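Working notes for the structure below.
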Amino acid sequence: MILELKKQGKAEETINGYSRRLRHLAKNTDINNPETVKAYIANKESSNANKEAYANAYDHFVKFYGLKWQKHFSQERKDCPTYQQPNK
């Protein structure tokens, strides 16, 4: 998986962060069970930004190993108006 991330042009610091988070998930969950991982991330006492970082790392893991999951952790909300998209 690391080689794949390097091929994608990910920075070494990004790859190290993904590796660290994936090791943490493997230690604390059944990393091959996306529902278990999703519940762990959702219930983790941490900031939303940190949860997002865990979800991003796991998303790469899932895609690489062909597992299925739907990432629900996203800081971007499409249903909220933005400065460029005011309510009408």
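In this structure, is LYS6 part of a helix (DSSP H, G or I), among the charged types (D, E, K, R), surrounded by 10 or more Cβ atoms within 10 Å (Cβ to Cβ) and under 14 Å from the mean Cα position of the chain (by Cα)?
Against the criterion (part of a helix (DSSP H, G or I), among the charged types (D, E, K, R), surrounded by 10 or more Cβ atoms within 10 Å (Cβ to Cβ) and under 14 Å from the mean Cα position of the chain (by Cα)), LYS6 does not qualify.
Please name all residue pairs, on different chains or six or more residues apart, with Cβ atoms under 6 Å, provided the first residue is in segment 1-26 and is on the phi < 0 side of the Ramachandran plot and the second residue is among the small types (Gly, Ala, Ser).
Filtered contacts from segment 1-26: TYR18/ALA57; ARG21/ALA57; LEU22/ALA57.
Since every read-out is calculated from the coordinates, none of them should be taken as a lab result. Given the structure is predicted, the values throughout are model-derived calculations rather than measurements. Here the Cβ is made from the backbone with ideal geometry for all residues, glycine too, and neighbour counts use every protein chain on show.
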